[in-house]
Each structure stands twice: as C-alpha cells, then as structure tokens.
1. Given the condition within 16 Å of ligand 1 (Cβ to nearest atom), open to solvent by 30 Å² or more (accessible area, probe 1.4 Å) and either closer than 20 Å to S6 by Cα or not in a strand (DSSP E or B) (or both), answer yes or no: does some residue in segment 179-190 qualify?
2. Which of the residues that make up segment 9-27 are within 24 Å of E79 (Cα to Cα) and not aromatic (F, W, Y)?
3. If you check R136 against the conditions, is it under 27 Å from S59 (Cα atoms) and within 16 Å of ligand 2 (Cβ to nearest atom)?
4. Please identify the pairs in which a residue from segment 212-223 that is free of Cβ contacts under 8 Å to residues at least 40 places away in the same chain has its Cβ atom under 8 Å from the Cβ atom of a residue that is assigned to a strand (DSSP E or B), counting only partners at least 6 apart or on another chain.
5. Would you confirm, using the coordinates I've provided, whether S121 is of a type in the set (G, A, S) and at pLDDT below 95?
6. Would you check if S49 is farther than 17 Å from E158 by Cα and either buried (at least 18 other Cβ atoms within 10 Å of the Cβ) or more than 11 Å from ligand 1 (Cβ to nearest atom) (or both)?
7. Being surrounded by fewer than 18 Cβ atoms within 10 Å (Cβ to Cβ) and within 16 Å of ligand 1 (Cβ to nearest atom) is the requirement here; does E79 meet it?
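The values are calculated or read from the model by the stated rules, or taken from the named source; none is laboratory data. What you see is a predicted model, and the numbers here were worked out from it, not measured in a lab. Cβ coordinates were reconstructed from backbone atoms using ideal geometry, including for glycine residues, and neighbour counts include every protein chain displayed. Protein only, heavy atoms only, side chains kept; ligands, DNA and RNA dropped before computing areas. Shrake-Rupley method; radii C 1.70, N 1.55, O 1.52, S 1.80 Å.
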Amino acid sequence: MQSRVSTGIEGLDQILDGGFVRNKSVLIAGGPGTGKTLMALNFLYDGASRFGEKGLYLSLENNVKDVMSDVKATFTDLEWNRYLHKDILAVKLPKKDYGKLSDVVKKAVREGGIKRVVIDSVTMLKIYASNHAEFRTNLLSMIESFRSLDCTIMLISEKPYSQREDNRFSVEEFVSDGVILLYNIPKGELRYRALEVIKMRGVKHTTKLCPYMITPSGIKVFPIESTFWIASEQDKRFTLRANSVEPKKGGLFGKRG
Ligand SMILES: Nc1ncnc2c1ncn2[C@@H]1O[C@H](COP(=O)(O)OP(=O)(O)OP(=O)(O)O)[C@@H](O)[C@H]1O
Ligand SMILES: [Mg+2]
C-alpha cells in the first residue's frame with residue numbers, strides 16, 4: 001500500500017481511507033470563499049504541529065501578510081505564531097517568476113527540507129499561459145517533476161460555480177493525482193458547505209457529498225451526515241436564537257435523544 005499523509009482536516013482522512021498519498025499532488029478546487037486557502041493552511045499547520053513536517057505556502061496572487069492575518073482570525077484556537085516563519089513559510093511569487101515555480105519548489109524541498117507545499121492558485125498560471133495547450137503541458141510536466149521529490153503537493157484552483165451539477169472538469173483536474181471539490185450550495189435563504197472527492201489515484205475513497213464546517217480549530221468534515229440534515233439543524237438554531245429560545249439537546253449540536 002502507498003504511504004499516506006494525514007490531511008489534518010477532521011473527517012477527511014476517513015473519507016480518503018487514511019489521507020493523501022505521500023509525495024503525490026492533490027488539487028483542491030472550489031468557488032470563491034469555499035475555504036480553499038483555509039484548507040491548505042490547515043494541512044500545513046497539521047504537518048508542522050503534529051509531525052514536525054515543514055510546509056511552504058506559495059501565493060501566486062494574494063499578499064501573504066493578508067492571507068496569514070485572515071487565517072489567524074478564523075482559526076483562533078491554533079498557535080500560528082509558534083510555527084509561522086520557522087516551520088510554515090509563506091511566500092508570494094510575483095508574476096514575472098511564474099516560469100521559475102518548479103525550480104522554487106524543488107529548491108525549497110531539496111535545500112529547505114520542505115515536506116508539504118501549497119500552490120495558491122494554479123488558476124493564475126492558467127490566466128497567464130499563452131494558450132490551453134501550453135498550460136496543460138507545463139502543469140503536467142511540473143506535477144510529474146514533483147513526483148520524484150519527497151514532498152506532498154497541494155494545488156488550489158478556482159471554480160466559477162457553487163453546485164456539483166454545474167461542474168465542468170478542467171485540465172488541472174485531469175492532470176492532478178487527486179481532486180477534491182468544495183461547494184457552497186444555495187438552498188432557501190442560506191448556502192451550505194459540502195465537499196466531494198472526485199478522484200484520488202490508488203485510493204478507495206468515499207464518493208459521497210460530505211458537509212464540512214469552518215471552525216476556530218480547523219475545518220471539520222462530516223463523512224456520514226447528510227448536507228441538508230446539518231442544514232436543517234443550522235436552520236433550527238438560527239430560528240431558536242432569533243426567538244431567544246435555548247435549542248433542545250439533540251442532533252449535531254448536542255446529544256441525540
Ligand atoms: N470564523 C469563521 N467561521 C466560519 N467561516 C469563516 C470564518 N472566517 C472565515 N470564514 C469563511 O471562510 C471564507 C474564506 O475562506 P478562504 O479564504 O479559504 O476561501 P477561498 O476558497 O480560498 O476563497 P478565494 O476564492 O477568495 O480565494 C470566508 O469567505 C468565510 O465564508
Ligand atoms: Mg483563497
């Protein structure tokens with residue numbers, strides 16, 4: 001069996017039958033605000049805090065100071081200051097250096113002992129590629145060249161939709177070793193977060209749509225629960241709060257019974 005890397009995301013290892021495949025690439029794709037960047041940093045934090053594995057977050061667009069300030073504001077239970085700059089490095093790669101991306105990653109892995117790399121996002125490489133063929137060829141050769149490194153790679157990609165029915169698979173999903181899609185599904189007045197594993201080469205993974213939540217201690221995925229059962233529990237809480245009534249114990253937010 002292939003060696004695995006814990007994702008650090010509660011519930012996700014279970015869906016993946018043990019975690020990501022070590023030294024392979026996984027693509028996290030989703031619409032705006034679905035939690036792609038948070039999931040990536042959750043993965044790096046877990047590597048540093050539980051396994052002593054150094055991580056590199058490569059931003060191709062956003063200012064890393066802003067990204068880290070947002071992640072600290074969201075994951076307030078995590079000790080970012082303990083690991084940032086030492087075990088988790090966050091670097092912005094300017095557009096003029098996109099062509100050097102592979103070399104930057106290889107150098108960081110070989111000379112800096114980095115074991116987990118996040119590239120946020122490959123959509124930027126797509127935007128600045130001269131054409132579709134160039135993007136596909138470059139991305140594939142980059143992913144293939146990373147396979148010989150002792151490092152697990154997480155690629156982030158943007159999707160212009162929120163529901164699984166609207167998905168049109170893109171180049172990066174075909175060339176990556178694994179793909180996880182994040183959705184923000186509209187229903188009634190609310191939107192509900194859910195993810196699915198589209199592929200994970202060599203892994204017998206779940207194919208169910210699984211709800212997830214962004215919490216102060218990290219992202220939590222619920223492998224068994226139904227997205228809209230959780231949704232109905234959330235609805236209940238909102239309604240009870242609005243009416244200043246304490247919710248009854250039961251369901252996801254308390255003991256059932
Ligand atoms: N404390 C919190 N509790 C719950 N959800 C939060 C909290 N803080 C932020 N969020 C949610 O997380 C989202 C930001 O997550 P993130 O930056 O990882 O998304 P993204 O998919 O990377 O977005 P983008 O496409 O803009 O890069 C916010 O838009 C908000 O919906
Ligand atoms: Mg992001």
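1. yes
2. So in segment 9-27, the residues within 24 Å of E79 (Cα to Cα) come out as 9-13, 19-20.
Scanning segment 9-27 gives I9, E10, G11, L12, D13, G19.
3. Values: under 27 Å from S59 (Cα atoms): yes; within 16 Å of ligand 2 (Cβ to nearest atom): no.
In short, no.
4. M213/R193; M213/I219; M213/K220
5. Values: of a type in the set (G, A, S): yes; at pLDDT below 95: no.
No, not satisfied.
6. Values: farther than 17 Å from E158 by Cα: yes; either buried (at least 18 other Cβ atoms within 10 Å of the Cβ) or more than 11 Å from ligand 1 (Cβ to nearest atom) (or both): yes.
The answer is yes for S49.
7. On the way: surrounded by fewer than 18 Cβ atoms within 10 Å (Cβ to Cβ): yes; within 16 Å of ligand 1 (Cβ to nearest atom): no.
No.
The rows are residues; the columns are (1) at pLDDT 95 or above; (2) assigned to a strand (DSSP E or B).
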site: M1; (1), (2): no, no
site: Y45; (1), (2): yes, no
site: A48; (1), (2): yes, no
site: T76; (1), (2): yes, no
site: V91; (1), (2): yes, yes
